[in-house]
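Okay, so here's the structure we're looking at.
The values are calculated or read from the model by the stated rules, or taken from the named source; none is laboratory data. Nothing here was measured: the structure is a model prediction, and the numbers come from that model. Here the Cβ positions follow ideal geometry from the backbone for every residue, glycine too, while neighbour counts run over all protein chains shown. Areas reflect the complete protein model, heavy atoms only, side chains present, ligands, DNA and RNA absent. Shrake-Rupley method; radii C 1.70, N 1.55, O 1.52, S 1.80 Å.
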Amino acid sequence: METKSGGNLEAVLRAGHFAITGELGPPRGANVEAVHKKAAYLKDKVDAVNITDNQTAVVRMSSWATSLLVIQDGLEPNYQMVCRDRNRLAMQADILGAYAHGIRNMLCLSGDHQKFGDHPHSKGVFDIDSIQLIAMVRRMRDEGKFLSGEDIDTPPRIFIGAAANPFAEPFEWRITRLAKKVAAGADFIQTQCIYNMEKFRRWIHLANEEGLTEKVFILAGVTPFKSLGMAKYMKNSVPGMDVPDHLIKRLQGAKGKKGAIAAEGIKIACEQIQEFREMKGVAGVHLMAIEWEHKVPQIVEQAGLLPRPRVDGGNGGAPAAGE
Amino acid sequence: MIIAHRKPLEEIVEMLGQLNPVLVLGCGGCTSICLAGGQREAEQLAADLREDYGNRGGQLEVNTYTIERQCNADFFADIDRLAGDYQAIVSTACGAGVQFVAERYPRLPVLPALNTDFVGFDKDVGWYEENCRTCGDCVLGETGGICPVTRCAKSLFNGPCGGTRADGTCEVDPDIPCAWFEIHKRLREQGRLELITRVRPAREWQNQIRRTVIQEPYRERYGK
Ligand code: SF4
């Protein structure tokens, strides 16, 4: 199959399979074993795994370095890059290096503001924004040129991802913003965690109407609730997150036996995944089991997403051959 | 206008060290208007310094003088005569004014009394808000007169990010309106949303190297 990147995620999506991506947060230190341990839970359970980039503006092992570690484990990384920590020189250099080492997917993000993290008074770079980053990667890949217009000797072939939050205000602008990301060159979209299904339905309906879902693969964001506290925190303290009351009630109702709330959280996630599978315009799910990687095999199994497809032209999640 | 506020007294005292006598030089320009460094504030600073030294059993000889502006040579005739009588000048001008004074009297320590904050406007009496980062390539014509470089916490050009709160405030602070929420609202009301639907390319930053502006009619005079 003809793909832009030669990666597994792209091959799975282009073959029309319902894709699933996971997420792995790098350690706060050089703990290689911690990475391999998390990766083992995800192996053969997801088509690619997002490696977060100093998420919530807290220093961690760098995203590209952790990506290389998971490649050793036979997982395909989705290398996340935020605009907060590096300028256009560093970004382009890292993209070349990442590709040279077998990274085939990237997720281009603005990044959480440094104010939220462990170095709140660092200087935020924001040399370019996430949409400009998408456009830059596309230019590098398709035109073989740096942002400056100079030629690249062996352009990086990257499957370009972007994020979308269907729930942040202003709602009507969110589709326009999606359209801008598609126009800039996004190949796939991973959404913010979805809890308000009705609002998401409205969003995907608009995306279908605008013809956007024909141009870009949309992976719906799913984060299972581990506890009632987490659900309440998501509802009240995370900007841009929309958690309806009925879900909180449902979790409250599950109180009782040990582990009942977590089981209910997983059940809710699996029901959502079922709905997404039937939803026009949704090409897969992005499962963000935050610090809950060991539950991923169970969730993916319970959601009926196993075994993962092997696609000709993709690499079945194995490291991409160097070229 | 340039907005500034006074440094903590201890910091000014620390900078002064043994320097004595001292001239507190007030500025009648922006820092006077924002109630940080005009005649009144210069005199207040001098009084605070005297009191502080007195409390510690010392004595600081300190006078004040306020000129119309500290960023233009035309206003310095009096100070040229006075400066030699002092061991230091404490300037209550903005950072530009302090540097102008320091350049004029290179042998004298010239110390800043203020922290210069931003280019902004008066929201109300004694209430100022930042509105311009002097980026040198103004986009206000396409963003409904609201500056994304200054007022968006991530200086996004194709915003908004995913963090805008339900009430239209910025993810970093519930008291700060999201610039892109506001830009969208204003352009929608003007029926000009098409201005922000196209992808705005990466910008060429102009404010990374010290800039000089010479007006066209003066180029010959300066040989530029
Ligand atoms: S919430 Fe709005 S102002 Fe704040 S960083 Fe995001 S786009 Fe910028």
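Residues that are touching an Asp or Glu at 6+ places or on another chain (Cβ under 7 Å) and closer than 19 Å to A:N236 by Cβ were ranked within the range B:155-167; the one that is farthest from the ligand (Cβ to nearest atom) is B:A166. Considering only residues that are hydrophobic (A, V, I, L, M, F, W, C), outside any loop (DSSP other than H, G, I, E, B) and open to solvent by 60 Å² or more (accessible area, probe 1.4 Å), which ones fall in the range B:16-61? Answer for the range B:16-61, where residues must be hydrophobic (A, V, I, L, M, F, W, C), outside any loop (DSSP other than H, G, I, E, B) and open to solvent by 60 Å² or more (accessible area, probe 1.4 Å): just B:I33.
For the range A:128-148, does any single residue satisfy the condition of being open to solvent by less than 30 Å² (accessible area, probe 1.4 Å), of a type outside the set (D, E), touching a residue at least 12 places away in the same chain (Cβ under 8 Å) and away from chain B (no Cβ under 14 Å)?
Going through the range A:128-148, the residues open to solvent by less than 30 Å² (accessible area, probe 1.4 Å) turn out to be A:128-134, A:136-137, A:140-141, A:144.
Filter once more, so that each one left must be of a type outside the set (D, E): A:128, A:130-134, A:136-137, A:140-141, A:144.
Now restrict to residues that are touching a residue at least 12 places away in the same chain (Cβ under 8 Å): A:128, A:130-134, A:136-137, A:140-141.
Right, trim to away from chain B (no Cβ under 14 Å) and you get A:141.
Checked against the condition, which is being open to solvent by less than 30 Å² (accessible area, probe 1.4 Å), of a type outside the set (D, E), touching a residue at least 12 places away in the same chain (Cβ under 8 Å) and away from chain B (no Cβ under 14 Å), the range A:128-148 yields at least one hit.
All conditions in (1) free of Cβ contacts under 8 Å to residues at least 12 places away in the same chain; (2) more than 14 Å from chain B (Cβ to nearest Cβ) hold for A:R104, with the sole exception of (1).
Restricting attention to the range A:191-206, which residues are open to solvent by less than 20 Å² (accessible area, probe 1.4 Å) and either assigned to a helix (DSSP H, G or I) or touching a Ser or Thr at 6+ places or on another chain (Cβ under 7 Å) (or both)?
First, pick out the residues of the range A:191-206 that are open to solvent by less than 20 Å² (accessible area, probe 1.4 Å): A:191, A:193-195, A:200, A:203-204.
Correct list: A:C193, A:F200, A:W203, A:I204.
Residues in the range A:180-187 include none that are modelled with pLDDT under 95 and either under 29 Å from A:D142 (Cα atoms) or within 13 Å of chain B (Cβ to nearest Cβ) (or both).
Table: residues versus (1) at pLDDT below 95; (2) open to solvent by less than 70 Å² (accessible area, probe 1.4 Å); (3) on the phi < 0 side of the Ramachandran plot.
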| residue | (1), (2), (3) |
| --- | --- |
| A:A231 | no, yes, yes |
| A:M234 | yes, yes, yes |
| A:H246 | no, no, yes |
| A:Q252 | yes, no, yes |
| A:G265 | no, yes, yes |
| A:E271 | no, no, yes |
| A:R277 | no, no, yes |
| A:G281 | no, yes, no |
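Taken together, the residues in the range B:173-206 that are surrounded by fewer than 19 Cβ atoms within 10 Å (Cβ to Cβ), farther than 14 Å from A:R174 by Cα, within 15 Å of the ligand (Cβ to nearest atom) and facing chain A (nearest Cβ under 9 Å) amount to 2. Look at A:V282 and say whether it is in a loop (DSSP other than H, G, I, E, B), in contact (Cβ under 8 Å) with a residue 40 or more places away in the chain and within 20 Å of the chain's Cα centre (by Cα). Answer is yes for this residue. Considering the conditions (1) away from the ligand (no atom under 16 Å from the Cβ); (2) free of Cβ contacts under 8 Å to residues at least 60 places away in the same chain, B:D137 is excluded by exactly one of them, (2). Here the condition is being assigned to a helix (DSSP H, G or I) and in contact with a Leu (Cβ under 9 Å, 6 or more places away or on another chain); of A:A263, A:A231, it holds for A:A231 alone.
Among A:F159, A:F167, A:F116, which is the only one that is within 16 Å of the ligand (Cβ to nearest atom), among the hydrophobic types (A, V, I, L, M, F, W, C) and within 22 Å of A:I51 (Cα to Cα)? Please lay out each step first, then the result.
Values: A:F159 fails: within 16 Å of the ligand (Cβ to nearest atom); A:F167 fails: within 22 Å of A:I51 (Cα to Cα).
Testing whether each residue is within 16 Å of the ligand (Cβ to nearest atom), among the hydrophobic types (A, V, I, L, M, F, W, C) and within 22 Å of A:I51 (Cα to Cα) leaves just A:F116.
Here the condition is being within 16 Å of the ligand (Cβ to nearest atom), buried (at least 16 other Cβ atoms within 10 Å of the Cβ), under 21 Å from the mean Cα position of the chain (by Cα) and within 14 Å of another protein chain (Cβ to nearest Cβ); of B:C170, B:C152, it holds for B:C152 alone. Consider A:A220 carefully, then state whether it is in contact with a Lys or Arg (Cβ under 7 Å, 6 or more places away or on another chain), buried (at least 16 other Cβ atoms within 10 Å of the Cβ) and in a strand (DSSP E or B). Against the criterion (in contact with a Lys or Arg (Cβ under 7 Å, 6 or more places away or on another chain), buried (at least 16 other Cβ atoms within 10 Å of the Cβ) and in a strand (DSSP E or B)), A:A220 does not qualify.
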